[in-house]
Each structure stands twice: as C-alpha cells, then as structure tokens.
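Participant: Got a structure here, written out as structure tokens. Questions coming.
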Amino acid sequence: MTDMVNNLRQARYSEDTPVKVSICTVAFNHQRYLRQCIDSLLDQECDFRVEIIVHDDASSDGTADIIRKYQKTYPNVVRAVLQTENQYSKGVNPQYNFVFPKAQGEYIAVCDGDDYWCDPSKLARQVAMLDENPDVAVTYGRVKADSDEGI
C-alpha cells in the first residue's frame, strides 16, 4: 500500500473520482449491531474511493436513524436507502432491487447489517487480488460465527 492509505472516515476523494468499491449493506431491525458494522466498513484502509450503500427495510427499532446519522457524518461515503414499507415481506429482495442498482463501483462488496469486518486491510487486499487477476470474479475471506444465542 502507498503512503496515501486512509481509512474511509478520513477519505477526501472528490465526487469526480470514480468509485472503486461499493460496499452494499442491508439491514432490518439491526439497531443493536449496525454501528459496529458501519464502523468496521469505515475503518477499512484503502487508497481508492469507496461508497457504502446501506439499505433499511422499514425497521421498527431505530436502524434508520443510525443510518441517517452516518450519512450526515460521512456524506461522501455513506449513502442511505430507506424504505417506509418492508420490501422483503412483499417478496422483493432489497439487495438486488434497491442496493446493487445504486452501486457505482467497479467492484461490489457485501456485508450484512448484523455482521462486521475485523480486518481493516480486507478490502484493499481483495481489490489488489482482483486487479491483478482479471479472470477472477469473486473473492471471499474467512468468517467466524459469533452469536448472543450461543449458536
């Protein structure tokens, strides 16, 4: 990585800079987890422009308020898609119908609103691998299940 590496909280890219990665996040009643999720995305260390698109599917627990606060604090990074009626209950997939169509990035990364990334270099390493290997279409990383219910 170069000396220009910033985490997304400090990103100073102009709107004219193309988005390299669109991080797509869907949330429904994830108030308890969403801050950790978005913070982990904002803590990614990158030397390219990233957008975070966060969709709330008409939550009843304050999830939308959290998204609004992040969008206000990081207007050049966080984009909100807020529903007033739950789309999933109507058989509509929010990721495919509302989030992916808004993505401007060359690449798409997915992190659900009740998940988080624990490695701040995850995105940069995956993008570097994709850039170096144009015949590769998908990357993934190791996951660890963590649950309050003891699953």
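The values are calculated or read from the model by the stated rules, or taken from the named source; none is laboratory data. Quantities reported herein were computed from a predicted structural model and do not represent experimental measurements. For accessibility, only protein heavy atoms count, side chains too; no ligands or nucleic acids. Shrake-Rupley method; radii C 1.70, N 1.55, O 1.52, S 1.80 Å.
Participant: Tell me the angle of helix 122-132 to the major Cα principal axis of the chain, expressed in degrees between 0 and 90 and rounded to the nearest ten.
Facilitator: Tilt of helix 122-132: around 50 degrees.
Participant: Separate question: Over the chain, with a Gaussian network built from C-alpha contacts below 10 Å, which listed residue (34, 130, 42) shows the highest mean-square fluctuation?
Facilitator: Of 34, 130, 42, the Gaussian network model singles out 130 as fluctuating most.
Participant: Can you give the relative contact order of the chain as a percent, counting alpha carbon pairs under 8 Å and 6+ residues apart? Working shown, then result.
Facilitator: Numbers: 254 pairs, mean separation 47.7, N = 151.
Computed over the chain, the figure is 32 percent.
Participant: Follow-up question, since we're still on this one. Figure the gain on full extension for residue 88 and residue 104 (residue separation times 0.36 nm, minus the Cα-Cα span) and round it to one decimal in nm.
Facilitator: Working: separation 16, 0.36 × 16 = 5.76 nm, distance 2.33 nm.
Gain on stretching residue 88 to residue 104: 3.4 nm.
Participant: While we're on this one: Could you list log10 I(q)/I(0) for the chain at q = 0.08, 0.09, 0.14, 0.18 Å⁻¹, which the Debye formula gives when each Cα is one point scatterer?
Facilitator: -0.22, -0.28, -0.68, -1.11
Participant: Provide the descending list of Cα extents for segment 55-113 along its principal axes, expressed in whole angstroms.
Facilitator: Taking max minus min along each principal axis of the Cα atoms, segment 55-113 gives 30, 26, 16 Å.
Participant: Moving on. What is the projected area of the convex hull of the Cα atoms of segment 31-79, averaged over all directions, in nm²?
Facilitator: Values: hull surface 13.2 nm².
Value for segment 31-79: 3.3 nm².
Participant: Okay, moving on. Using a 10 angstrom cutoff on alpha carbons, build the Gaussian network for the chain and name the most mobile of 81, 19, 138.
Facilitator: Evaluated over the chain, the most mobile residue of the options is 138.
Participant: Counting only heavy atoms of the protein chains, get the accessible area per residue of the chain (1.4 Å probe) and round it to a whole Å² value. Please list the in-between numbers first.
Facilitator: Numbers: 9290 Å² over 151 residues.
So the chain comes to 62 Å² accessible per residue, rounded to a whole number.
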